Number of protein chains: 2
Amino acid sequence: MGGDNAPEVVIEGIVLARDKLPQVDYLLYGNEQILKPLLDKHGTARKVCEIRHTDDVVSNDEKPGIALRSGRNSSMRLAINAVGQGEAAGVVSAGNTGALMAMAKFVLKTLPGIDRPAIASFFPTMRGESLMLDLGANVVCNSDNLVQFAVMGEVFARNVFHIKQPSIGILNIGSEELKGHDSVKQTFNILQNIDLPIRFHGFVEGDDIAKGTVDVIVTDGFTGNIALKTAEGTARMFGSFLKDALHSTPISMAGGLLAKPALNKLRMRLDPSRYNGAMFLGLNGICVKSHGGTDALGFSNALGVAAELVNDGLNDVIKEDLSHLDTEEPGANKTS
Amino acid sequence: MGGDNAPEVVIEGIVLARDKLPQVDYLLYGNEQILKPLLDKHGTARKVCEIRHTDDVVSNDEKPGIALRSGRNSSMRLAINAVGQGEAAGVVSAGNTGALMAMAKFVLKTLPGIDRPAIASFFPTMRGESLMLDLGANVVCNSDNLVQFAVMGEVFARNVFHIKQPSIGILNIGSEELKGHDSVKQTFNILQNIDLPIRFHGFVEGDDIAKGTVDVIVTDGFTGNIALKTAEGTARMFGSFLKDALHSTPISMAGGLLAKPALNKLRMRLDPSRYNGAMFLGLNGICVKSHGGTDALGFSNALGVAAELVNDGLNDVIKEDLSHLDTEEPGANKTS
């Protein structure tokens, strides 16, 4: 029931995902009176969906703590419970991010060795795509948190991107070891000496995100969220300026028409719905957050991300890797 | 002598700036054997330049502390000294940013009421342009620092953008009061109750930078630097993808040719050299940092920025405004 266009995009997203995810069945938590007519309209979805009725929803502006206490019968909470109880293999929601994280953490708990889950997402880059985490779950991170993000990101890139030895970078304001604040410097030291086969690149800067300098970019949730939204805003501005330019004269309009198929491909390449589906990594269960304003295609991509995380057994690999990690590494500041 | 293409771009920048800045004369600090032949080549520059010879230069990878101690006869230091001694009205350099800041702070000192200077620069936005600070001088900032940045940015926007009542926003990961870390929340509280006629908008997010939601964006140097470079990297990626798209088929190439004048205008609109010239605000003297990799046009813009700051008497207005500001405002954490 969450997001700007729910539950329509959810159902339409399921329809679009049928071909790519023929093996997936869905439990739909929400208002049956709204959901049923939509399912009746979409026969392909009806066959694979089971409605679990509840009247209660978490609103978009609900504070996470309040949602956690008073939303025990909300569609969001019941969907997460289904994962906790083993009835569902994963949960996807386009609803309130903070509430989803708070509830998922409470119900599913974190993986052993993880103090805090992180929000991770794909970024389009000049080389293909990269993973960045955290994108907003943790405003302040110590070096332990950042090291755990690095390990989770590495496992993710290895298993989902299928990169044999993904490279890891820490987002900083310079590539030299001396720059930045204490927690990034400590993380640098720990990752340089870590007892895992991690390909640690060192520090990367803001422009390295789009360059695709590394496969996984590790940062705190404050910086990551601002980098993500700055990139989105810049791309949107560029797109709007491009449109203005192509509409500025009759000749440029003709040029724009000729180039339209190519420009559409460009739009596709940068389409946010292609990159929809932020993963909550570090939870003992698969939880994927779709953008609230996404369309059906975007929602189907978020479903695909969740299915892939389940199929790849991502959490088992993270658990395995973390069990080798000595969290009492010298230099780590234990203040969780 | 600083920057990737010095001193050629410096001299060529002076030539380009002649029309816009007919009243400006230049003291050129650096190697006379290199500078003189260049001036001889550019008659228009020769008339307004005086060479002050020194062999010593600060290299690009010199650590600020070392540059400060051992660079007493460097071209950078002597140019700053000229401002300190009142011989020059301002200094412009394309050299090592950290060294320039350290030396300028040491020689010029900060304005009364300013604990730390900030690096500020223009950003292109959908509405025109905005100012953002700090972009990297201060990795960690307390609320006092951020409030001072807000006051300096406001004065700047009023005097240089000629906006009667510029709006001020604090960069954060959400627009609600509850989000973010302590120093942004404290800054929010102080700016909401400040005894100055500041039009305080509240929190802004990363995508508000390109939207142009506010005239002045206040942030710490870590976040600001990463936002700046993420935006630059995204714009470059978009440009490169656009080029790829327009070269993908013969028809799209024809379209690109027709649209070329319009696309060139777009390129101009986002050209980093148009936005070249980061200001060190809060120093008791005008100091402008040009991008190290800039071209002559970019350097001439940096010269224009410095001349404008001098002409507008920016520092006098900042001093005046700060004298009205009660720095013992409740809620401010004094830990400078």
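Highest mean packing comes first when the peptides B:171-183, B:132-144, B:234-246, A:208-220 are listed by Cβ atoms within 10 Å, giving A:208-220, B:132-144, B:234-246, B:171-183.
Charge dipole (Cα centre; +1 on Lys/Arg Cβ, -1 on Asp/Glu Cβ; no other charges) of chain A amounts to roughly 860 debye. Here's how it looks for A:ILE173: its modeled amide H is under 5 Å from those of A:GLY180, which are all 5 or more places away or on a different chain. A point 7 Å from Cα along Cα→Cβ stands in for A:GLU129, and the other copies hold the same point at 3.6 nm, listed in rising order. Legend: mean number of C-beta atoms from other chains within 10 angstrom of residue C-beta atoms, peptide B:149-160, equals 0.
Cross-link pairs exceeding 27 Å in C-alpha to C-alpha distance, out of A:LYS243/B:LYS289; A:LYS20/A:LYS289; A:LYS179/B:LYS289; A:LYS289/A:LYS319; A:LYS164/A:LYS229; B:LYS109/B:LYS289, comprise A:LYS243/B:LYS289; A:LYS164/A:LYS229. Ordering A:287-295, A:52-60 by mean Cβ neighbour count within 10 Å, with the highest value first, yields A:287-295, A:52-60.
Remark: label point of B:ASP312 defined 7 Å out from Cα along the Cα-Cβ vector; separations to the same position in other copies 4.9 nm, ascending.
Listed peptides A:121-129, A:101-109 appear in the order A:101-109, A:121-129 once ranked by packing, highest mean of other Cβ atoms within 10 Å at the front. Between the C-alpha center of the range B:1-23 and that of the range B:90-114 there is a gap of 20 Å. Projecting the Cα positions of B:ASN138, B:GLY255, B:THR213 onto the charge dipole of the range B:132-273 (unit charges on Cβ atoms of Lys, Arg, Asp and Glu, taken about the Cα centre) puts B:GLY255 furthest along the positive direction. With N as its number of residues, the range B:1-107 has a Cα radius of gyration that, divided by 2.2 N^0.38 Å, comes to 1.03. Cut-off 16 Å, label point 7 angstrom out along Cα-to-Cβ of B:ASN60: give me the residues of the range B:8-26 whose amide nitrogen falls inside. Flagged as within label range: B:8-10.
Amide H contacts of A:ARG199: A:ILE168, each under 5 Å away and 5 or more positions distant or on a separate chain (H built 1.01 Å from N in the peptide plane; Pro and chain starts excluded). Counting Cβ atoms of other protein chains within 10 Å of each Cβ in B:207-216 and taking the mean gives 4. Around the amide H of A:TYR29, modelled in the peptide plane, lie the amide H atoms of A:ARG52, all under 5 Å away and 5 or more residues distant in sequence or on another chain. Taking the label point 7 Å along Cα→Cβ, A:SER70 and its counterparts in the other copies are spaced 6.5 nm apart, in ascending order. The HN-Hα couplings worked out from phi for the range B:169-178 by the Karplus form 6.51 cos²θ - 1.76 cosθ + 1.60 (θ = phi - 60°) are x, 9, 6, 8, 9, x, 8, 7, 4, 7 Hz, whole numbers, x standing for Gly and Pro.
Long hydrophobic helices in chain B, taken as whole DSSP H segments with a C-alpha length of 18 Å or more on their own axis and mean Kyte-Doolittle hydropathy at least -0.5: B:143-159, B:221-246, B:296-311.
Please label the shape of chain A as rounded, prolate or oblate, based on the square roots a ≥ b ≥ c of the eigenvalues of the alpha-carbon gyration tensor (a/c under 1.5 means rounded; beyond that, a/b larger than b/c means prolate, else oblate). Note, shape of chain A comes out oblate. For the range B:40-65 and the range B:144-210, write down the distance between their C-alpha centroids in whole Å. Each part reduced to its Cα centre gives a spacing of 38 Å. Footprinting exposure proxy ranking of B:ILE286, A:ILE51, fewest other C-beta atoms within 10 angstrom first, gives A:ILE51, B:ILE286. Peptide B:238-246 is shielded by partner chain Cβ atoms: per residue, an average of 6 of them sit within 10 Å of its Cβ.
Any read-out appearing in this document is the output of simple, stated calculations on the displayed coordinates, not a laboratory observation. No experiment lies behind these values; they were computed from the predicted model shown. FYI the Cβ positions are ideal-geometry reconstructions off the backbone, even for glycines, and counts take in every protein chain you see.
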